[in-house]
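Worksheet: one structure, shown below.
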Amino acid sequence: MRIALFEPDIPQNTGNILRLGACLGVAIDIIEPTSFIFDDKRFKRALMDYLDHVVYKKHDDWNTFYKWSKKNNFRLVLLTTKSKKNYSTFKFSNSDIIILGKESAGVPVFVHDSVDNSLTIPMKKGLRSLNVSSAAAIAVSEACRQLYLF
């Protein structure tokens with residue numbers, strides 16, 4: 001199982017998600033472009049000293065990531081507010097990549113149209129969304145629980 005971040009634009013959230021990956025043993029895919037560089041002090045502060053403990057791969061763009069994921073037989077699972085399928089009733093697989101959109105805009109339609117599954121975390125009505133790193137922690141923890149990864 002892996003986590004993919006589509007064009008992340010908040011360095012603290014990206015650092016936090018890489019730290020999550022390190023702690024849970026889940027590899028991270030960064031789909032470029034990002035709006036910051038990996039030397040960003042906010043990114044480093046959130047990540048702390050966990051970079052040496054996480055497996056991550058950068059992809060030049062969505063098309064590069066998509067081709068790589070299909071070549072390697074991954075199932076693409078988008079976490080989105082635009083789905084009715086509850087993440088907690090979904091049966092996760094070791095071949096899943098849980099994709100999270102950019103904080104400011106989510107993912108474009110072509111990403112929605114390319115994934116194998118779309119899931120949502122139910123929330124109180126009238127609110128827009130969870131923080132992307134919080135959403136990642138919720139969904140990935142459920143996947144790890146189902147797959148007995150920890």
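The values are calculated or read from the model by the stated rules, or taken from the named source; none is laboratory data. Source: prediction; values computed, not measured. Here Cβ is always computed from backbone atoms with ideal geometry, including for glycine, and neighbour counts include all displayed protein chains. Side chains included, ligands, DNA and RNA excluded: accessible areas come from the protein's heavy atoms. Shrake-Rupley method; radii C 1.70, N 1.55, O 1.52, S 1.80 Å.
Below is a table of values for the structure above.
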| read-out | value |
| --- | --- |
| Using a Förster distance of 30 Å, the FRET efficiency for Lys124-Asn72 (Cβ separation, nearest 0.05) | 0.20 |
| For the chain, alpha-carbon Rg relative to the globular expectation (2.2 N^0.38 Å, N residues) | 0.97 |
| Globularity index of the stretch 74-117, i.e. its alpha-carbon radius of gyration over 2.2 N^0.38 Å | 1.13 |
| Spin-label proximity, Asn131 to the stretch 14-37 - amide N less than 19 Å from point 7 Å beyond Cα toward beta carbon | 14-24, 35-36 |
| Considering only the stretch 1-125, percent of DSSP beta bridges that pair antiparallel, nearest 5 | 5 |
| Amide proton proximity set for Ala4, modelled H, under 5 Å, gap of 5+ | Asp29, Ile98, Ile99, Leu100 |
| All lysines inside 27 Å of Lys124 as judged from Cα atoms, apart from same-chain residues fewer than 8 positions distant | Lys82, Lys84, Lys85, Lys91, Lys102 |
| Other-chain or far-sequence residues with amide H under 5 Å of Tyr56's (modelled H) | Ile28 |
| Local electrostatic count at Ile121 - Lys and Arg +1, Asp and Glu -1, tallied over other residues with Cβ under 13 Å | +4 |
| Accessible area of the chain belonging to carbon and sulfur atoms, whole % at 1.4 Å probe | 50 |
| Cut-off 12 Å between beta-carbons: net charge of the residues surrounding Val26, Lys and Arg +1, Asp and Glu -1 | 0 |
| Within straight-line cross-link reach of Lys67, lysines at Cα separation under 17 Å, skipping those fewer than 8 residues along the same chain | Lys57, Lys58 |
| Proximal charge balance of Leu100 [Cβ under 11 Å; K/R count +1, D/E count -1] | -2 |
| Other-chain or far-sequence residues with amide H under 5 Å of Leu119's (modelled H) | Leu78, Leu79, Thr80 |
| Heavy-atom SASA rank of His59, His53 (probe 1.4 Å, accessible area, largest first) | His53, His59 |
| Accessible solvent surface per residue of the chain, calculated while the other protein chains remain in place, 1.4 angstrom probe, Å² | 55 |
| Where Cys144, Cys23 fall by accessible area, highest first, once all protein chains stay in place (1.4 Å) | Cys23, Cys144 |
| Inter-centroid distance (Cα atoms) of the stretch 68-115 relative to the stretch 125-150, Å | 12 |
